[in-house]
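Undergrad: Take this structure first; my questions come after.
The values are calculated or read from the model by the stated rules, or taken from the named source; none is laboratory data. Keep in mind that what you see is a predicted model, and the values were worked out from it rather than measured. Backbone-built Cβ (ideal geometry, glycine too); neighbour counts: all protein chains shown. For the accessible areas, the whole protein counts, side chains as well, though only heavy atoms, and no ligand, DNA or RNA atoms are used. Shrake-Rupley method; radii C 1.70, N 1.55, O 1.52, S 1.80 Å.
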Amino acid sequence: MTVQGLPMVVPDEGLPARVRIHEVGARDGLQNEKATVPTEVKAEFVRRLADAGLTTIEATSFVHPKWVPQLADAEQLFPLVSDVPGVQLPVLVPNERGLDRALALGARRVAVFASATESFAKANLNRTVDEALAMFEPVVARAKSRNVHVRGYLSMCFGDPWEGAVPVAQVVHVCKALRDMGCDELSLGDTIGVATPGHVLALLSALNEQGVATSTLGVHFHDTYGQALANTLAALQHGVTTVDASAGGLGGCPYAKSATGNLATEDLVWMLHGLGIDTGVDLGRLTATSVWMAGQLGRPSPSRTVKALSHQEQ
């Protein structure tokens, strides 16, 4: 599916030598589907993503099935993929009950999901920002007591559909709270895709000024206004080496209707490989996986790279 010699590799000094892609298609991507994807198809999706070279694949969510019915099969799915070699399989846990379910299946990496704004915290968690953080504290503490890696997602870092612009200081405050409670890693989410590169650099710099190291940060961009790759490049220039992406551009946010799909993993890989940045990902295999999943979902992938490479093979 790839074109011989393309993209041409032209390195840019100052960028990381390697980027770790945190693949979210199997969780963040599929949870936004109207139809429920069969468990075995989800498991095959994870296996194919691993075969393409992705080493961090977010597998599922232990949220109550009432809230995310698309991922109600977490207990059935996780054992089907937990033995995939060489792959970390983080899972989302909203509370202590979710953590219990994940730990019972042997999960070694979990994530909590916070908000930088009161409006989204209410819509997504039915709590204030501070109440949500208080709910996560015992979750993180218990996970860390078991030597489980904890990621803290932070939504609405760059804009909120109800509140508009989100002050950088407000985002920094919640990031520091997540870090201080023990999160090993923070993912900065542009949930409705309104960020621009200058805004990204301003937030990263503000976090550094408050003692949050770039090495603990990942970025999670949506492509609503076509800015996801530009914002990613800005983050790389700042030193970020963890980027969230979703195979085939799957996903959005069920609680923010203006949110379109995540940054497509294939589009990200094309850019990174052109910059000479190692990802460990086989773009041909990854594209084939997204074409396969698009067939399972009954619609074409929105990824520009998937479309381009699939068209060339026809």
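Undergrad: If we scan the range 95-105, do we find a residue that is small (Gly, Ala, Ser), buried (at least 22 other Cβ atoms within 10 Å of the Cβ) and over 25 Å from Leu297 (Cβ atoms)?
TA: yes
Undergrad: Kindly list, by first and then second residue, each pair from a residue in the range 132-159 that is polar (S, T, N, Q) to a residue that is crowded, with 23+ Cβ neighbours inside 10 Å, limited to pairs with Cβ atoms under 7 Å and residues at least 6 apart or on different chains.
TA: Going by the 7 Å Cβ cut-off, the qualifying pairs are Ser155/Ser115; Ser155/Ala116; Ser155/Phe120; Ser155/Gly189; Ser155/Thr191.
Undergrad: Answer yes or no as to whether Leu105 is touching a helix residue (DSSP H, G or I) at 6+ places or on another chain (Cβ under 6 Å), of a type outside the set (Ser, Thr, Tyr) and at pLDDT 95 or above.
TA: It is true that Leu105 is touching a helix residue (DSSP H, G or I) at 6+ places or on another chain (Cβ under 6 Å), of a type outside the set (Ser, Thr, Tyr) and at pLDDT 95 or above.
Undergrad: Determine which single condition Asp180 fails, assuming it passes every other condition in (1) closer than 22 Å to Val140 by Cβ; (2) in contact (Cβ under 8 Å) with a residue 24 or more places away in the chain.
TA: The failed condition is (2).
A quick yes/no check of all residues on (1) part of a loop (DSSP other than H, G, I, E, B); (2) under 25 Å from Val112 (Cα atoms); (3) modelled with pLDDT of 95 or more; (4) not charged (D, E, K, R):
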{"site": "Gly5", "(1), (2), (3), (4)": "yes, no, no, yes"}
{"site": "Val9", "(1), (2), (3), (4)": "yes, no, yes, yes"}
{"site": "Asp28", "(1), (2), (3), (4)": "no, yes, no, no"}
{"site": "Phe45", "(1), (2), (3), (4)": "no, yes, yes, yes"}
{"site": "Ala50", "(1), (2), (3), (4)": "no, yes, yes, yes"}
{"site": "Leu54", "(1), (2), (3), (4)": "yes, yes, yes, yes"}
{"site": "Pro85", "(1), (2), (3), (4)": "yes, yes, yes, yes"}
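Undergrad: Is it true that Thr224 is within 17 Å of the chain's Cα centre (by Cα), open to solvent by less than 40 Å² (accessible area, probe 1.4 Å) and of a type in the set (Val, Ile, Thr)?
TA: Values: within 17 Å of the chain's Cα centre (by Cα): yes; open to solvent by less than 40 Å² (accessible area, probe 1.4 Å): no; of a type in the set (Val, Ile, Thr): yes.
Considered against the rule, which asks whether it is within 17 Å of the chain's Cα centre (by Cα), open to solvent by less than 40 Å² (accessible area, probe 1.4 Å) and of a type in the set (Val, Ile, Thr), Thr224 comes out as no.
Undergrad: Consider Lys34 carefully, then state whether it is out of contact with any Gly (no Cβ under 8 Å at 6 or more places or on another chain), part of a loop (DSSP other than H, G, I, E, B) and without any contact (Cβ under 8 Å) to a residue 60 or more places away in the chain. Write out each step before concluding.
TA: Working: out of contact with any Gly (no Cβ under 8 Å at 6 or more places or on another chain): yes; part of a loop (DSSP other than H, G, I, E, B): yes; without any contact (Cβ under 8 Å) to a residue 60 or more places away in the chain: yes.
When the stated conditions are applied, Lys34 passes them.
Undergrad: If I go through the range 148-171 residue by residue, how many of them are over 14 Å from the mean Cα position of the chain (by Cα), assigned to a strand (DSSP E or B) and within 21 Å of Leu263 (Cα to Cα)?
TA: So the answer is 1.
Undergrad: Go through the range 1-27 and count every residue that is in contact (Cβ under 8 Å) with a residue 60 or more places away in the chain and closer than 20 Å to Thr241 by Cα.
TA: Number satisfying all stated conditions: 16.
Undergrad: Listed residues Val194, Val174; which is open to solvent by 20 Å² or more (accessible area, probe 1.4 Å) and either farther than 21 Å from Arg108 by Cβ or part of a loop (DSSP other than H, G, I, E, B) (or both)? Show your work before the answer.
TA: Working: Val174 fails: open to solvent by 20 Å² or more (accessible area, probe 1.4 Å).
The unique qualifying residue is Val194.
Undergrad: Given the criteria in contact with a helix residue (DSSP H, G or I) (Cβ under 7 Å, 6 or more places away or on another chain) and in a loop (DSSP other than H, G, I, E, B), does Gly14 qualify?
TA: yes
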